[in-house]
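Below you'll find the structure, written out as structure tokens, and then a few comments.
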Amino acid sequence: MLRGRAMSEPGGVPKVVAGVSRYLDDRLGLGNVVRRNIRKVFPDHWTFLLGEIALYSFIILLLTGTFLTFWFQPSMGHVAYTGPYAPLRGVMMSEAYASTLHISFEVRGGLLMRQIHHWAALLFVGGLMAHLLRIFFTGAYRKPRELNYHIGLVMFAIALVEGLTGYSLPDDLLSGAGLRITQGILIGLPLVGTYLSFFLFGGEYPGEDVIARFFTIHILLLPGLLVALVTAHLTLMWVQKHTQLARKGRTNMNVVGGPFFPSFMLKSGAFFMFTFAILAGLGAAVQINPIWLFGPYTPADISAGSQPDFYMGFLEGSLRIMPGWEINFAGYTLPLSVLIPGLLPLALIFGGLIVYPSVERWITGDTREHHFAERPRDNPHRTAIGMAAVTFYGVLWLLGANDEISDHFHIPLFAITWFGRVAIFAGPVLAYVITYRLCRGLRLRDAQMIGHGVESGVIKRLPEGEFTEIDVPASDDMAAPLLGAEAIPELRGAELAMDDAEDGEPRPKGLRGRIGRLRARMSRAYSEPPITEVPGADGEGRKAVTAGESYHRPDQGS
């Protein structure tokens, strides 16, 4: 005990820590900054952990990827395999493939690191996708978080390219088939495709340079960009804070949650260890990408049942269901069967995600700051659009395995292909209609809960003999998420702008002409009234604003 006192300051802080802290504070003035930020409050909800899964997976990717670079040889030079794996002994292969076999069979812990790295890559992209869906469906991209939302989209796009380049590095038969598809899409680009292909591959496919160039892109360029974007993303999130769910005592002007230290740090540390444990367990017990079974890549060979990693499956599916269309004009061939499936799905998904916040703001005229995360049901049109996009992606992803589906379920491949061609159009429309009606039904149920109360489980018998259940007012905790839902405003003057009559009150500025009338119609269709609590006629119970009543934005849209 005496020794402990001698080593500590009067306040119980160890002398080493206190001395270093005082030294830095005297020279850098960090004391006030640390004290101000260490108690920063973060909202607490399980959906906020989806982004952390992606972050921790990225950290594990950097650590395991660094380990692998010590032994990987990014060269397409040909060597004869002399390693311990007998079935491939004496086979000619690239140095990249041979070094990957060396890592798998001869480097202590090499196969474990390879598999953790691959599983972490899948979890990283999956975490980004889940985080992106949460941001979209809860409206967390609205002001003032538009910039951070677009940074996240750029990170997602880079992650897909990073996965493609890393998947191709072992130069095995499976990854080589994927690289061949990439080259086919690249060379199909009008005018510039041939030049880009020769530049990437260093000549005719497969060339001698693509693995070395992909290696530089994979370990240097794209990770550097991701680190910079992740830093910017987290910095903006720190400044703007998380959105929070509507609960009792929460407003747009406060944040309810736990402090950064110790609450958030302890939870995040434990969650990182949990993520690492899951990935380590998968790497140790669940085999993934056994390249020794595929063999080295040669352009003349191909394997049946080959599938890319899940995040590229939708592009594979679009290629498989596309008819063999092409246009021949003035001596040039435009291969639509490659260009449309290779570029259109990416353009629709990423283009829609990029422009949607601006389109929604243009339709509603809503320029307010939003710090609440909406429930998906509170914005039926946005949720329905999102589910239509998910269905579009899901159909393409499913059809990327049409040969496996045909083989396992004994369904003709021709029938599956035509099903996909129909479902890619009908599926999103059906998903939109069903999702919209579900959201409207849930909102009406919420309105009924506020207006009439909730079931109490108490049965009452009326004088005439009828049995009925007594409803009681919803508790404050139950009613807060319903009453805290923000209205989706309608542009002021939208109803007037839709009137085609020339006389009467002039149409508001910004709602004139064909575009203005279209904007007015979209605004009226997109808007949703709030669920509000008002006194009943007898002063008892609650009454909810029902669907169909309009709510106007207080300021004028332009």
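Looking only at the range 245-269, residues that are free of Cβ contacts under 8 Å to residues at least 24 places away in the same chain and of a type in the set (Val, Ile, Thr) come to 1 in all. Scanning the range 43-62 for residues that are over 17 Å from the mean Cα position of the chain (by Cα) and either among the hydroxyl-bearing types (Ser, Thr, Tyr) or under 9 Å from His117 (Cα atoms) (or both) turns up Ile60, Leu61, Leu62.
Test Gly166 against the stated conditions and say whether it is open to solvent by 20 Å² or more (accessible area, probe 1.4 Å) and within 20 Å of Phe272 (Cβ to Cβ). Against the criterion (open to solvent by 20 Å² or more (accessible area, probe 1.4 Å) and within 20 Å of Phe272 (Cβ to Cβ)), Gly166 does not qualify.
Selection of the range 147-163 for residues being surrounded by fewer than 21 Cβ atoms within 10 Å (Cβ to Cβ), under 18 Å from Pro308 (Cα atoms) and aliphatic (A, V, I, L, M) yields Ala157, Ile158, Leu160, Val161.
For the residues Leu225, Leu245, the requirement of being within 19 Å of Thr47 (Cβ to Cβ) and under 22 Å from the mean Cα position of the chain (by Cα) singles out Leu245. Being open to solvent by 20 Å² or more (accessible area, probe 1.4 Å), within 22 Å of Thr243 (Cβ to Cβ) and not charged (D, E, K, R) holds for only one residue in Pro144, Pro74, and it is Pro144.
Based on this model, can you work out whether Leu179 counts as touching an Asp or Glu at 6+ places or on another chain (Cβ under 9 Å), assigned to a helix (DSSP H, G or I) and more than 21 Å from Pro357 (Cα to Cα)? Lay out the reasoning, then the answer.
On the way: touching an Asp or Glu at 6+ places or on another chain (Cβ under 9 Å): yes; assigned to a helix (DSSP H, G or I): yes; more than 21 Å from Pro357 (Cα to Cα): yes.
Spelling it out, Leu179 is indeed touching an Asp or Glu at 6+ places or on another chain (Cβ under 9 Å), assigned to a helix (DSSP H, G or I) and more than 21 Å from Pro357 (Cα to Cα).
Quick one: in the range 313-338, which of the residues that are in contact with a Leu (Cβ under 7 Å, 6 or more places away or on another chain) and not polar (S, T, N, Q) is surrounded by the fewest Cβ atoms within 10 Å (Cβ to Cβ)?
From the range 313-338, those in contact with a Leu (Cβ under 7 Å, 6 or more places away or on another chain) are 314, 317-318, 320-321, 325-327; that's our starting set.
Filter again for not polar (S, T, N, Q), leaving 314, 317, 320-321, 325-327.
Details: Phe314: 23, Gly317: 24, Arg320: 18, Ile321: 21, Trp325: 12, Glu326: 13, Ile327: 10.
So, considering only residues that are in contact with a Leu (Cβ under 7 Å, 6 or more places away or on another chain) and not polar (S, T, N, Q), the one surrounded by the fewest Cβ atoms within 10 Å (Cβ to Cβ) is Ile327.
The values are calculated or read from the model by the stated rules, or taken from the named source; none is laboratory data. What you are looking at is a predicted structure, and each value in this text was computed from that prediction instead of being measured. Heads up, the Cβs are rebuilt from the backbone with ideal geometry, glycines too, and the neighbour counts pull from every protein chain shown. Remember, those area values only see protein heavy atoms, side chains included, never the ligands or the DNA or RNA. Shrake-Rupley method; radii C 1.70, N 1.55, O 1.52, S 1.80 Å.
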